[in-house]
1. Might you work out the accessible area of Y71 for me, using a 1.4 Å probe with all protein chains in place, and round it to the nearest 10 Å²?
2. I want to check the label-to-label distance for S155 and L8. Put each point 7 Å from Cα in the C-beta direction and report it in nm to one decimal.
3. Would you mind classifying the range 1-64 by shape? Square roots of the alpha carbon gyration tensor eigenvalues, ordered a ≥ b ≥ c; an a/c under 1.5 is rounded, otherwise it is prolate if a/b is larger than b/c and oblate if not.
4. Assuming 0.36 nm per residue, please report the length gained on full extension of the stretch K127 to E99 beyond their Cα-Cα distance.
5. Apply the Karplus curve 6.51 cos²θ - 1.76 cosθ + 1.60, θ = phi - 60°, to the phi angles in the range 3-15 and return the couplings in whole Hz, x for Gly and Pro.
6. Cβ neighbours within 10 Å, averaged per peptide: list 10-16, 53-59, 111-117 in order, most packed at the top.
Amino acid sequence: KDPQQVRLQSEVVELIRQANRANWWVVIVSNQSGLGRNYFTWDQCEAVHFQMMRKLAEQKVWVDRVLMAPYYGDSNQAEFLYGKSWRKPRPGMMNQACEELSIDRSRSIMIGDNVSDMMAGAVAQIKNLCLLESPRVAASSAEVLSQKDIESWRSWPLNSRTEYGLEIPRCAHVGELEK
């Protein structure tokens, strides 16, 4: 919630640069439940995004679209959600971005740090998924989802609509992604 704490990871900047050079759309999709839980305000969120975009511009890279689903439970932010289909693990934000920007899902990459990101990408029929290792990902090894993640994935009713099963690629950092 503090714009002064915004730090860019060099490998993320490079990945965005590669996408920009290839004329690929770069879209951020984020639940931002902190807004719905009133952990921070819209003004704080906008200030952080402005700072992030400013820092990206200094690196001569850009993000084309940011979509958020700040609804959480019975929060007062529900009016900003086009139904609950926007909140990951549902695919609403990805579907919206693909429709607005005419994105080719078969050539797209969804990078996330949570199993719900992968679920949303899979149901949105994003062809390439990559689950980043992070504190949010309870990892037992680099190749296998944790037991908690596996149970969540197996119990999710929309899983039958995906081709992935439990074979979600994992990577320690975005630098491992193929160019």
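The values are calculated or read from the model by the stated rules, or taken from the named source; none is laboratory data. Here the structure is a predicted model, which means the values were calculated and not measured. For neighbour counting, all protein chains shown are included, and Cβ atoms are generated from backbone atoms with ideal geometry for every residue, glycine included. Areas reflect the complete protein model, heavy atoms only, side chains present, ligands, DNA and RNA absent. Shrake-Rupley method; radii C 1.70, N 1.55, O 1.52, S 1.80 Å.
1. 40 Å²
2. 4.1 nm
3. Details: a/c = 2.67, a/b = 1.83, b/c = 1.46.
Cα axes put the range 1-64 in the prolate bin.
4. Details: separation 28, 0.36 × 28 = 10.08 nm, distance 1.58 nm.
Full-extension gain reported as 8.5 nm.
5. Coupling constants for the range 3-15: x, 6, 8, 5, 10, 8, 8, 4, 5, 6, 4, 5, 4 Hz.
6. On the way: 10-16: 15.9, 53-59: 13.4, 111-117: 19.7.
So the peptides 10-16, 53-59, 111-117, ranked by packing, come out 111-117, 10-16, 53-59.
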